[in-house]
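In what follows, a structure is listed as structure tokens, so that the remarks can point back to it.
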């Protein structure tokens with residue numbers, strides 16, 4: 001079984017993927033890290049030099065390279081489910097788990113990360129919060145297609161991993 005973690009940037013997908021994979025005895029994979037390794041550039045560089053459309057095509061390609069992976073927990077990028085029918089693909093080939101967080105909680109986690117998040121560059125304070133609200137609103141319909149929706153802001157990482165395992169067994 002493959003488990004795809006989806007959700008907005010800053011929702012903790014990479015951290016939860018490591019913990020959940022460890023608890024399940026699965027491999028932990030981070031789609032952004034795989035793209036960076038494969039392309040020899042950071043996500044920020046890819047966005048800056050090639051643009052978002054190019055990056056979204058890379059996500060599509062690298063996501064499908066994982067088709068033969070089994071017993072893996074895959075942390076996806078925040079926008080991965082929203083392009084190129086990726087959400088349909090992930091739901092057809094594994095279990096999707098949406099780590100749901102409020103805009104205010106995401107803002108508190110992302111307010112110091114603007115430089116490393118291409119879609120948030122140059123934003124701070126109310127502008128950043130407004131951007132999160134708008135982008136989350138655009139993506140929410142895709143995120144809600146997940147097999148499981150988990151409240152990502154009330155639990156620590158270990159408890160969140162245990163909650164996901166419990167829900168996967170239901």
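The values are calculated or read from the model by the stated rules, or taken from the named source; none is laboratory data. Predicted model, so just to flag it, every value in this text is computed and none were measured. So basically every Cβ, Gly included, is an ideal-geometry build from the backbone, and we count neighbours across all protein chains shown.
If you scan the range 36-68, which residues turn out to be at positive phi and modelled with pLDDT of 95 or more?
40
Exactly one residue out of 33, 17 is within 12 Å of the chain's Cα centre (by Cα), surrounded by fewer than 20 Cβ atoms within 10 Å (Cβ to Cβ) and either at pLDDT below 95 or not in a strand (DSSP E or B) (or both), and it is 33. Taking the numbered list (1) out of contact with any helix residue (DSSP H, G or I) (no Cβ under 9 Å at 6 or more places or on another chain); (2) in contact (Cβ under 8 Å) with a residue 12 or more places away in the chain in turn, residue 40 passes all entries but (2). Residues in the range 152-170 that are over 15 Å from residue 9 (Cα atoms) and either surrounded by 14 or more Cβ atoms within 10 Å (Cβ to Cβ) or under 16 Å from the mean Cα position of the chain (by Cα) (or both): 155, 157, 160, 161, 162, 163, 164, 167, 168.
Does the range 138-164 hold any residues that are closer than 18 Å to residue 86 by Cα and assigned to a helix (DSSP H, G or I), and which are they? Spell out the reasoning first.
Initial filter on the range 138-164 (closer than 18 Å to residue 86 by Cα): 138-149.
Correct list: 138, 139, 140, 141, 142, 143.
Screening the candidates 99, 24 for the property of being buried (at least 20 other Cβ atoms within 10 Å of the Cβ), touching a residue at least 60 places away in the same chain (Cβ under 8 Å), closer than 19 Å to residue 167 by Cβ and in contact with a strand residue (DSSP E or B) (Cβ under 9 Å, 6 or more places away or on another chain) yields one hit, 99.
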